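**Q** Dropping the structure in here first, questions after.
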Ligand SMILES: Nc1ncnc2c1ncn2[C@@H]1O[C@H](COP(=O)(O)OP(=O)(O)OP(=O)(O)O)[C@@H](O)[C@H]1O
């Protein structure tokens with residue numbers, strides 16, 4: 001199936017001379033949740049802003065469901081909803097008015113039934129007559145999402161949707177975003193919370209220094225780059241790792257009681273059997289052993305560090 005968004009050779013140099021994007025190629029599949037991860041200043045917001053028509057690219061090409069974002073910007077833009085990072089809303093308007101107005105901006109005829117459904121989905125229905133300024137931060141954020149959905153886009157961009165949102169509300173937002181995806185909306189979100197990407201995303205894109213470092217299905221990424229740790233609780237503490245075991249990537253805990261072996265999940269032969277045999281040969285006995293997989297966070301940190 002043709003990707004819903006195709007990005008080719010995208011570059012952006014700001015007026016200051018700073019090159020924020022250095023040739024980005026990215027395909028976004030229809031109906032998926034793609035999480036864009038990257039350190040501060042990596043270019044996430046710049047990338048989103050270009051696709052949404054807010055910032056102009058210096059070079060490259062973007063199509064949204066086949067529509068070129070420059071030549072055919074109106075059609076491209078009408079397919080997209082954007083939830084920006086900053087909380088900016090018309091404070092003096094009611095929730096109903098501000099969301100209805102957003103729909104009108106896209107030239108769509110009024111449709112109270114659509115607005116009602118969106119507000120109900122976002123648990124804002126009982127606040128429909130409340131002025132936006134009287135809402136809590138979390139509710140204001142949901143109003144922004146309602147505005148972005150008001151013209152029934154098939155693609156939703158969320159720039160750090162849960163920044164500064166408490167843990168409980170964050171869970172609620174994740175569920176809501178999951179429901180949106182189930183209804184067929186393609187979702188691209190940026191986040192600093194790796195846990196958020198781990199929980200929700202179908203694919204993970206990592207951007208660093210204006211370049212896409214990697215895009216991969218989450219499950220494949222965890223499988224491919226994940227490392228496993230085997231921890232052995234030693235019967236008697238060691239002062240140092242014996243020289244005969246120097247070939248193995250082992251670390252010894254400070255108290256000498258834990259020996260940790262790191263291995264790739266990809267490798268067919270993990271070498272564990274050999275290691276355990278060698279330990280036995282050297283009279284090193286253990287009382288317990290367990291394995292543990294690395295989290296997406298560890299994978300991400302090592303990726304960004306590697307390419308820095
Ligand atoms: N209007 C601008 N003029 C000059 N430089 C800019 C402008 N906007 C962004 N930049 C620079 O471009 C780089 C990328 O910024 P961008 O906001 O895209 O990063 P980001 O990945 O979204 O970061 P964050 O996670 O902090 O939101 C940064 O170094 C930023 O300072």
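The values are calculated or read from the model by the stated rules, or taken from the named source; none is laboratory data. Just so it is clear, the model here is predicted, and its values are computed rather than measured. Here the Cβ positions follow ideal geometry from the backbone for every residue, glycine too, while neighbour counts run over all protein chains shown.
**Q** Suppose we filter 58, 63 for residues that are at pLDDT 95 or above and closer than 17 Å to residue 157 by Cβ; which single one remains?
**A** 63
**Q** Which of the residues belonging to the range 80-94 are crowded, with 18+ Cβ neighbours inside 10 Å and assigned to a loop (DSSP other than H, G, I, E, B)?
**A** Answer for the range 80-94, where residues must be crowded, with 18+ Cβ neighbours inside 10 Å and assigned to a loop (DSSP other than H, G, I, E, B): 84, 89.
**Q** Provide a single number: the residues in the range 107-124 that are surrounded by 14 or more Cβ atoms within 10 Å (Cβ to Cβ) and not in a helix (DSSP H, G or I).
**A** Of the residues in that region, 4 qualify.
**Q** From 83, 55, 99, which residue is within 16 Å of the ligand (Cβ to nearest atom) and within 23 Å of residue 129 (Cα to Cα)?
**A** Working: 55 fails: within 23 Å of residue 129 (Cα to Cα); 99 fails: within 16 Å of the ligand (Cβ to nearest atom).
Checking each option against the conditions leaves just 83.
**Q** Select, from 71, 8, 29, 61, the only residue that is surrounded by fewer than 17 Cβ atoms within 10 Å (Cβ to Cβ) and farther than 22 Å from residue 210 by Cα.
**A** None of the other options fit; the residue is 71.
**Q** Looking at residue 106, is it closer than 29 Å to residue 73 by Cβ and touching a residue at least 40 places away in the same chain (Cβ under 8 Å)?
**A** Yes; evaluated as a whole, the condition is true for this residue.
**Q** Scan the range 270-289 for residues that are under 37 Å from the mean Cα position of the chain (by Cα) and closer than 19 Å to residue 256 by Cβ and report the count.
**A** Counting residues in the range 270-289 that are under 37 Å from the mean Cα position of the chain (by Cα) and closer than 19 Å to residue 256 by Cβ gives 2.
**Q** Is there a residue being buried (at least 17 other Cβ atoms within 10 Å of the Cβ), more than 20 Å from the chain's Cα centre (by Cα) and assigned to a loop (DSSP other than H, G, I, E, B) anywhere in the range 35-54?
**A** Checked the range 35-54: at least one residue is buried (at least 17 other Cβ atoms within 10 Å of the Cβ), more than 20 Å from the chain's Cα centre (by Cα) and assigned to a loop (DSSP other than H, G, I, E, B).
**Q** Can you name the helices (runs of 4 or more DSSP H) wholly within the range 190-287 that have at least 2 residues being within 16 Å of the ligand (Cβ to nearest atom) and modelled with pLDDT of 80 or more?
**A** 194-200
**Q** Also, I was wondering about something else. Restricting to the range 28-52, and then to whatever is at pLDDT 90 or above and either outside the structural domain of residue 197 (by TED's automatic domain parsing) or within 17 Å of residue 15 (Cα to Cα) (or both), can you tell me which residue is farthest from the ligand (Cβ to nearest atom)?
**A** 50
Okay, residues lined up against (1) part of a helix (DSSP H, G or I); (2) outside the structural domain of residue 31 (by TED's automatic domain parsing); (3) more than 22 Å from residue 200 (Cα to Cα):
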| site | (1), (2), (3) |
| --- | --- |
| 126 | yes, no, yes |
| 139 | yes, no, no |
| 142 | yes, no, no |
| 151 | no, no, yes |
| 156 | no, no, no |
| 169 | yes, no, no |
| 180 | yes, no, no |
| 188 | no, no, no |
